[in-house]
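Chemist: I have a structure here, written as structure tokens, and I will follow up with some questions on it.
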Amino acid sequence: MAMVERSSVPRYGVKEQTATVDRIDVACEELRLVGFSIVDPGFSDDYKAHIAKCFDTVAQTYFTSHGGRDALRSIDEHNTIRGMLAYDHMFLELAKTPTIISLCERLLGNTFILNQQNGVINPAVSDRYNQAYYHRDLPYQHFTTSRPLAINALYCVDAFTVENGATRVVPGSHKQEAFPSDSAVHGLETVALARAGCFIVLDCMTFHCGGRNVTLCDRRAINHVYTLPFIKQQIYLKSMVEDSGRLSPADRQLLDLDNQPAADAAGYLETRRARLLRNPI
Ligand SMILES: O=C(O)CCC(=O)C(=O)O
């Protein structure tokens, strides 16, 4: 909190105001206040096009290696590509986008992990797909916390428009335990319109869902969930990254490769010895 600064916003009776130093601070403040924000990481057109092309290649490989998209339909998994970074290293780079990492550091502190990275297809001319139902990204949880536990960064491979079913959000719903009444949802829901190449970032407790895509094209996105490290990964990412020995310490921390529970008491004592050698306090 800082004293009131010179500002163009008219107000009276205000003695204090939050201070922001850059656009990441602004996004963090929006996220704290209303539960979501839209962040443009400034990718070049070439990089955005490269991500879009890799998305399609990985989607095809993934569906083929899991029995085909039609077979996945029976378990409602035909519009999701789980663990994109397992198929192409560039998706690990996407998960490390500096603007998003800085935002997570400011909201979650220095120790957070990538909990999941999933491609999301909102299919063309569809009625419903698995993300079209209101949910939290920490689903089944009905409590609030004074600080965020997890951040969701939904990368927009395609522009998110009203027509192709941009994400709908109930602003402020991360602050209430229960799902809001239908009237409140209808009255408050906001459509998160975003250009291709932007991230829609949410407090994971903010209720949101995909809209209805009435266009002839699939709408593609990549969801990243970053959590405090005590929340279990959706899929053990260690099993997904090849050559994990060549990753930097920061990458290993992000993917939570080295922080698994000790197998037994002897293993725990060993990690404690090593930790105290590194940092005697
Ligand atoms: O597809 C969307 O617009 C929303 C995606 C979503 O809700 C999710 O991945 O959790």
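Just so you know, all these numbers are worked out from the coordinates, no wet-lab data involved. Nothing here was measured: the structure is a model prediction, and the numbers come from that model. Methodologically, a virtual Cβ is constructed for each residue, glycine included, from the backbone with ideal geometry; neighbour enumeration extends over all protein chains shown.
Chemist: Return a whole-number percent for the relative contact order of the range 1-159, with Cα pairs under 8 Å and 6 or more residues apart as the contact set.
Modeler: It rounds to 21 percent for the range 1-159.
Chemist: Which lysines have a Cα less than 27 Å from the Cα of K15, not counting those fewer than 8 places away in the same chain?
Modeler: In chain and number order, the partners are K175.
Chemist: Separate question: Per DSSP helix of 4 or more residues, -39500 (n - 2.57); summed, then divided by the residues of the chain. What does that give at 222 nm, rounded to the nearest 500?
Modeler: -9000 deg cm²/dmol
Chemist: In percent, how large is the relative contact order of the chain, given Cα pairs closer than 8 Å and 6 or more residues apart?
Modeler: Computed value for the chain: 24 percent relative contact order.
Chemist: Can you return the lysines within cross-link range of K96? Criterion is Cα-Cα under 22 Å, with same-chain partners fewer than 8 residues away left out.
Modeler: K48, K53, K232, K238
Chemist: Only counting other Cβ atoms within 10 Å, I'd like R219, R128, R82 sorted with the fewest neighbours first.
Modeler: R128, R82, R219
Chemist: Local charge sum around L31 (other residues, Cβ-Cβ under 10 Å, Lys/Arg +1, Asp/Glu -1)?
Modeler: -1
Chemist: Excluding I100 itself, calculate the net charge of residues whose Cβ lies under 13 Å from the Cβ of I100, where each Lys or Arg counts +1 and each Asp or Glu counts -1.
Modeler: 0
Chemist: Going by C-beta contacts inside 10 Å, put H78, H208 in order with the fewest on the left.
Modeler: Lowest count first: H78, H208.
Chemist: Please list, in order along the range 189-199, the HN-Hα scalar couplings obtained from phi with the Karplus expression 6.51 cos²θ - 1.76 cosθ + 1.60 (θ = phi - 60°), rounded to whole Hz, x for Gly and Pro.
Modeler: 4, 10, 8, 8, 7, 8, 6, 4, x, 8, 10
Chemist: Determine, from the Cβ-Cβ distance of T144 and R106 and an R0 of 22 Å, the FRET efficiency 1/(1 + (r/R0)^6), rounded to the nearest 0.05.
Modeler: 0.65
Chemist: What net charge is computed for the residues neighbouring I75, neighbours being all others with C-beta under 13 Å from the C-beta of I75, Lys and Arg scored +1, Asp and Glu -1?
Modeler: 0
Chemist: Let me ask something else. Treat every Asp and Glu Cβ in the chain as -1 and every Lys and Arg Cβ as +1, leave all other atoms uncharged, and give the resulting dipole magnitude about the Cα centre to the nearest 20 debye.
Modeler: 520
Chemist: Separate question: Within the range 85-110, whose backbone N sits under 16 Å from a point 7 Å along Cα→Cβ of R195?
Modeler: None, by backbone N distance to the label point.
Chemist: I've got another one for you. Counting other beta carbons within 10 Å of each Cβ, put M205, M240 in order, fewest first.
Modeler: Sorted ascending by nearby Cβ count, the order is M240, M205.
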